[in-house]
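The values are calculated or read from the model by the stated rules, or taken from the named source; none is laboratory data. Predicted, not measured: the structure shown is a model, and the values here were computed from it. Neighbour counts are summed over all protein chains in view; Cβ atoms, including those assigned to glycine, are modelled from backbone coordinates with ideal geometry. Heavy atoms of the whole protein, side chains included, go into the accessibility calculation; ligands, DNA and RNA do not. Shrake-Rupley method; radii C 1.70, N 1.55, O 1.52, S 1.80 Å.
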Amino acid sequence: ILGEHLRICPQGYTCCTSEMEENFANKSRSEFEAMMKEAGRSVQATLTAQHRSFDSYFQDLLNKSEKALYDAFPSMYGELYTQNMKVFKDLYSELRRYYRSSNINLEEALNEFWTRLLERLFKLLNAQYHITDEYLDCMVKHAEQHRPFGEVPRDLKVKATRAFIAARSYAQGFLVGSDVVKKVSQVSLSHECTRAIMKLMYCPHCRGMSSVKPCNNYCLNVVKGCLANQADLNTEWKYLMDSLMGVADRMDGPYNVDTVIGTIHMRISEAISNLQENKDSITAKVFQGCGNPKLSTKGSSSEDKRRRGRVPLEGRSSAQALRTLVLDAKGNLTALKTYWITLPSSLCSKKVMASSASDDKCWNGMTKGSYLPEVMGDGLANQINNPEVEVDITKPDMTIRQQIMQLKIMTNRLGNANIGNDVDFQDTSDDMSGSGSGDSCPDDVCGKRLSKSPSTRQPETHAIPKQSGHGVSGASSRSLPSASLLLLLSVAVTATQHLWR
């Protein structure tokens, strides 16, 4: 029949009624969106699997360290352990909470552990004296000058914080990447794109050419026009993939997650041994600085508190498992780096089944023949002269722009993790104890016993990272307080929306 009634397909002789054309338009829209989601699910599955593998490895590493401590310490330390089990359990609990992204300041948690352990052990090792909380305050202040646990607390703090910061950011990076793909894959097609997809996929049917495939370059122009905003993810997406690989190398190298996390129990044992071996000199110096405490009427059973014999502690290495995880992750991340700009060709070759570029008997949008227009570049700005899809380059999709910002924020976090800085926490005016990577604090603060309640410092909202995604410094990312940063981001988004209008 004559095709004057057609609104999308060429108006020559046709097999389609208006209703059929409308049905084909709806069908092509749903099929193309399903292709997008299917492609996205494949990427999500890869990133989620990488997260699951690393998370399982890391949790297992921590669990084995804790189990080794529980198995060995009772026979090694007797009451020194049994009367202080909660201190050790609380430490591992805090470490897990930090890794799961709770509002924990890791350095404070480690400092609190050593303070609580010192208080408990000092009382047990000097059970013949009546030691009050006020005396313990003084003891902690003076004992720290003499390093009762040797160099273990300082060394472990530096190494463990770097390892945990890297591990946590690494695990989060995979989840953020997967979430970005999920949200972007759900973005609806524009009206212009729906018409172009219909013309590409089903107009040949209306011309009685159902077996004729679309020309490849024609398909590319249509899909590049429809996915112009998605292609703009490419730059920040590549930075995220590179940043994840960089952190992976650090964990399998300088930060040595396997050695640090897998031997926490051994370092604690080493610290306790240092305290026991130097008990007399430490006690004498504390008595000299804080005075002699009163003798207790309860007496002492110090014999049971002495070390009962050395039970060898082992750190079971899983270095090869980590190396395998890192190599597998780097292979997958490398393959995903160009996902957004190769998506059009992937959809055209695998899903739409377009003909080869040189085929002169393919569907070119009007009839069977060759396709002459050049293929457009990637991204929104390059679609200004797209012959197949009308794209308003002045109105970027705000959902996708938000996801670009999420990629920048995560890349910024990974960049800081790569140099050992944790940007999740920020100093506040009423908390002088410090955060981040500083090792020192004022004497009048360090001398006070830390609170026994878990640290609940609020995480900061990340500052907008530099466009390049590289060279982000820890100091600059902590320069704005949370409220101010949220206000700044709100103003920036509003301004952007007005700008694009």
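Numbers at a glance
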read-out: Residues of region 253-266 satisfying the condition of being part of a helix (DSSP H, G or I) and open to solvent by 30 Å² or more (accessible area, probe 1.4 Å); value: 259, 266
read-out: Some residue of region 207-224 being without any contact (Cβ under 8 Å) to a residue 12 or more places away in the chain, at negative phi and either in contact with a Cys (Cβ under 9 Å, 6 or more places away or on another chain) or open to solvent by 10 Å² or more (accessible area, probe 1.4 Å) (or both); value: yes
read-out: Meets criteria (among the β-branched types (Val, Ile, Thr), open to solvent by less than 10 Å² (accessible area, probe 1.4 Å) and farther than 30 Å from residue 12 by Cβ) for residue 184; value: yes
read-out: Within region 12-41, tally of residues that are surrounded by 12 or more Cβ atoms within 10 Å (Cβ to Cβ), of a type in the set (S, T, N, Q) and either over 30 Å from residue 342 (Cα atoms) or touching a residue at least 12 places away in the same chain (Cβ under 8 Å) (or both); value: 3
read-out: Per-region count, region 375-401, residues open to solvent by 40 Å² or more (accessible area, probe 1.4 Å) and either in contact (Cβ under 8 Å) with a residue 12 or more places away in the chain or among the aliphatic types (A, V, I, L, M) (or both); value: 15
read-out: Boolean, residue 92 is open to solvent by less than 40 Å² (accessible area, probe 1.4 Å) and more than 26 Å from residue 320 (Cα to Cα); value: no
read-out: Region 312-332 - residue that is loosely packed, with under 15 Cβ neighbours inside 10 Å and assigned to a loop (DSSP other than H, G, I, E, B) and, of those, modelled with the highest pLDDT; value: 317
read-out: Subset of region 232-245 (residues that are among the hydrophobic types (A, V, I, L, M, F, W, C) and either more than 15 Å from residue 43 (Cβ to Cβ) or without any contact (Cβ under 8 Å) to a residue 60 or more places away in the chain (or both)); value: 245
read-out: Long-range neighbours under 8 Å by Cβ, at least six apart or interchain, first residue at positive phi within region 403-424, second assigned to a loop (DSSP other than H, G, I, E, B) and surrounded by fewer than 21 Cβ atoms within 10 Å (Cβ to Cβ); value: 420/437
read-out: From 240, 220, 244, residue being modelled with pLDDT of 95 or more, more than 19 Å from the chain's Cα centre (by Cα) and in a helix (DSSP H, G or I); value: 220
read-out: Complete set of residues in region 239-252 that are closer than 18 Å to residue 321 by Cβ and open to solvent by 30 Å² or more (accessible area, probe 1.4 Å); value: 249, 250, 252
read-out: Condition met for residue 289 (at pLDDT below 90, in a helix (DSSP H, G or I) and open to solvent by less than 60 Å² (accessible area, probe 1.4 Å)); value: yes
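Residues are listed down the side, and each one gets a yes or a no for (1) within 27 Å of residue 287 (Cα to Cα); (2) small (Gly, Ala, Ser); (3) open to solvent by less than 60 Å² (accessible area, probe 1.4 Å):
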position	(1), (2), (3)
60	no, no, no
83	yes, no, no
86	no, no, no
115	yes, no, yes
126	yes, no, yes
154	yes, no, no
